[in-house]
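Below is one structure, written out as structure tokens; comments come after it.
The values are calculated or read from the model by the stated rules, or taken from the named source; none is laboratory data. It should be emphasised that the depicted structure is a prediction, and the values quoted were computed from it without experimental measurement. Neighbour counts are summed over all protein chains in view; Cβ atoms, including those assigned to glycine, are modelled from backbone coordinates with ideal geometry.
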Amino acid sequence: MATYVNNLRLKEITTGDEDGTWGTSTNTNLELITDALGYGTKQFAADSNETFTIPDATADGARALYLKFTSAVSLTGTRTATLGPNTVSKMWMIENATTGGQSIAIKQGSGAEVTIGTGEKVFVYTDGAGTGAAVFNANPTEAGAGTVSSVNVSGGSTGLSYSGGPITSSGTITMAGTLAVANGGTGLTSLVNADIASATTVDLTSATGNVAVITGTTTTTAFTMTKGQQMVLIAAAAWPMTFNATTCNINGGASYTCAAGDRIYITKDDDDVIRVSVTKQDGTSVVTGGQPDPTLTGVSMPTITSGQFIVATAGSITLTLPAGPSAGDFVIVKDGTGAAATTSFSVARNGSNIASSATDLTFDKNFAEITMTYINGSIGWSV
């Protein structure tokens with residue numbers, strides 16, 4: 001004989017029973033299992049306590065995981081819904097959707113009950129302990145519940161310091177210091193630096209901010225910075241800057257005199273070159289410099305001046321590099337006629353090496369254009 005002692009009241013066929021027809025009972029069981037994972041409703045037919053029992057092997061809303069209680073009439077007080085049988089141990093999500101604004105009490109036996117307010121939804125479970133069966137609230141408790149008794153903060157290795165902690169009731173924690181670049185900061189205590197006087201060499205390594213006003217009109221030929229440092233300089237007056245390939249590499253390769261209000265964006269890159277870009281104070285254009293104006297010559301030149309752009313219009317001539325050059329000096333030389341391969345011309349080193357060699361340069365490439373920058377005494381002019 002079949003039994004129904006399981007928590008879903010499914011039919012358990014005994015060995016040898018329902019020979020040839022057991023499939024029907026099995027399919028019913030499978031359908032009831034799916035019902036038990038779904039949604040069901042039960043209704044208070046009157047303004048009174050009621051018992052709702054899961055029937056054996058028969059579909060019923062009481063078996064559903066999500067069980068919604070309604071009422072045919074408005075309840076006038078707390079009403080009890082007894083879940084049966086009292087031997088079923090099961091989870092339910094129960095919604096109180098009754099009318100009348102009253103709570104409902106969920107019980108199973110003489111044990112504990114769970115009261116659910118109007119409109120509320122509560123997870124419960126029954127222990128199925130028979131006549132003394134109890135119902136328990138299974139709603140998860142909120143994470144983080146409790147009381148914080150003390151709060152403190154540490155700056156660790158960030159470069160920041162904190163004072164005012166620990167706080168045990170009320171108070172203020174104050175942060176101070178400089179957030180290091182390695183920790184996502186700027187390493188500066190202020191965005192704005194004190195004014196800096198113009199000079200032949202302007203030292204920015206000790207700047208405490210990354211914005212500064214440059215006062216005075218002394219011509220600057222070099223800046224001193226740390227690698228990766230970036231600053232915005234604002235000219236207070238007419239301030240000349242002389243191009244230098246390493247220490248004052250103005251965008252475009254030309255010297256420039258700033259007007260009052262011009263903004264100079266300056267940084268030292270990974271190649272230890274200080275890059276300088278100027279934006280005019282009226283915002284009309286960005287200084288790009290460009291190449292120097294070309295000087296055309298068909299005759300030998302005793303000495304080229306640093307910064308000149310020489311275009312040779314004839315072969316068999318000699319162009320002589322500057323004597324006693326400084327690091328960053330440069331000249332540009334070009335074959336203007338496309339005849340250098342046939343009739344070459346020379347660039348005399350004038351006592352300095354060219355590409356680490358004590359040899360003059362023979363220019364024999366048609367229409368070629370080269371920039372020669374003085375590096376140091378060993379390399380001399382780099383081509």
Query raised in the report: Name the pairs: first residue in the range 46-70 and at positive phi, second residue of a type in the set (Lys, Arg), Cβ to Cβ under 9 Å, at least 6 apart or on different chains?
Result: 57/9; 57/11
**Report entry** Any strands (runs of 3 or more DSSP E) falling wholly within the range 286-383 and containing at least 2 residues that are hydrophobic (A, V, I, L, M, F, W, C) and over 19 Å from residue 248 (Cα atoms)
**Finding:** 309-312, 345-348, 361-363
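Give 24, 99 a once-over and let me know the one that is hydroxyl-bearing (Ser, Thr, Tyr) and in a loop (DSSP other than H, G, I, E, B). Step through it out loud before you land on a result.
Working: 24 fails: in a loop (DSSP other than H, G, I, E, B).
Result: 99 is the single residue among 24, 99 that is hydroxyl-bearing (Ser, Thr, Tyr) and in a loop (DSSP other than H, G, I, E, B).
With respect to residue 83, is the statement that it is of a type in the set (A, V, I, L, M, F, W, C) and in contact with a Phe, Trp or Tyr (Cβ under 9 Å, 6 or more places away or on another chain) true?
On the way: of a type in the set (A, V, I, L, M, F, W, C): yes; in contact with a Phe, Trp or Tyr (Cβ under 9 Å, 6 or more places away or on another chain): yes.
For residue 83, the condition - of a type in the set (A, V, I, L, M, F, W, C) and in contact with a Phe, Trp or Tyr (Cβ under 9 Å, 6 or more places away or on another chain) - is met.
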Report task. State whether one or more residues within the range 146-165 are at pLDDT below 80, within 30 Å of residue 6 (Cα to Cα), exposed (fewer than 11 other Cβ atoms within 10 Å of the Cβ) and of a type in the set (Val, Ile, Thr). Result -> no
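Within the range 17-38, is there a residue that is under 20 Å from residue 124 (Cβ atoms) and of a type in the set (A, V, I, L, M, F, W, C)?
Filtering the range 17-38 for residues under 20 Å from residue 124 (Cβ atoms) gives 35-38.
Subsequent filtering for residues that are of a type in the set (A, V, I, L, M, F, W, C) retains 36-37.
Yes, the conditions are met somewhere in the range 17-38.
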Report summary line: Residue pairs within 8 Å by beta carbon, gap of at least six or interchain, first lying in the range 256-267 and closer than 21 Å to residue 225 by Cα and assigned by TED's automatic domain parsing to the domain that holds residue 280, second surrounded by fewer than 20 Cβ atoms within 10 Å (Cβ to Cβ) and among the basic types (Lys, Arg), listed first then second, are 262/280; 266/275; 267/275
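For residues that are in a strand (DSSP E or B) and either among the aliphatic types (A, V, I, L, M) or under 11 Å from residue 193 (Cα atoms) (or both), tally how many sit in the range 208-236.
Pass one, the range 208-236, residues in a strand (DSSP E or B): 211-215, 220, 222-224, 230-235.
Narrowing further to those that are either among the aliphatic types (A, V, I, L, M) or under 11 Å from residue 193 (Cα atoms) (or both): 211-214, 222, 231-235.
Looking only at that region, the number is 10.
Hey, could you check the range 108-134 for residues that are assigned to a strand (DSSP E or B) and of a type in the set (Ser, Thr, Tyr) and say which is nearest to residue 85 (Cα to Cα)? Even if it seems obvious, please write down each step before you answer.
Applying the first criterion (assigned to a strand (DSSP E or B)) to the range 108-134 yields 114-116, 121-127.
Imposing the further condition that a residue be of a type in the set (Ser, Thr, Tyr) reduces the set to 115, 125-126.
Numbers: 115: 19, 125: 13, 126: 10 Å.
Taking the candidates together, the pick is 126.
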Query raised in the report: Within the range 257-277, which residues are hydroxyl-bearing (Ser, Thr, Tyr) and under 14 Å from residue 234 (Cα atoms)?
Result: 257, 265, 277
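From 80, 34, grab the single residue that is modelled with pLDDT under 95, surrounded by fewer than 17 Cβ atoms within 10 Å (Cβ to Cβ) and not in a loop (DSSP other than H, G, I, E, B). Give the derivation first.
Values: 80 fails: modelled with pLDDT under 95.
Answer to the selection: 34.
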Query raised in the report: within 19 Å of residue 220 (Cβ to Cβ) and of a type outside the set (A, V, I, L, M): does that describe residue 247?
Result: yes
Requested in this report: Residue by residue through the range 67-107, note down the ones that are in contact with a helix residue (DSSP H, G or I) (Cβ under 9 Å, 6 or more places away or on another chain) and closer than 14 Å to residue 50 by Cβ.
Outcome: 67, 83, 84
Query raised in the report: Among the residues of the range 39-51 satisfying the criterion of being surrounded by 14 or more Cβ atoms within 10 Å (Cβ to Cβ) and under 56 Å from the mean Cα position of the chain (by Cα), which is farthest from residue 125 (Cα to Cα)?
Result: 43
Query raised in the report: Does any residue in the range 201-212 that is exposed (fewer than 14 other Cβ atoms within 10 Å of the Cβ) come within less than 8 Å, Cβ to Cβ, of a residue that is assigned to a loop (DSSP other than H, G, I, E, B) six or more places away or on a different chain, and which pairs are these?
Result: 201/221; 201/247; 205/225; 205/226; 205/229
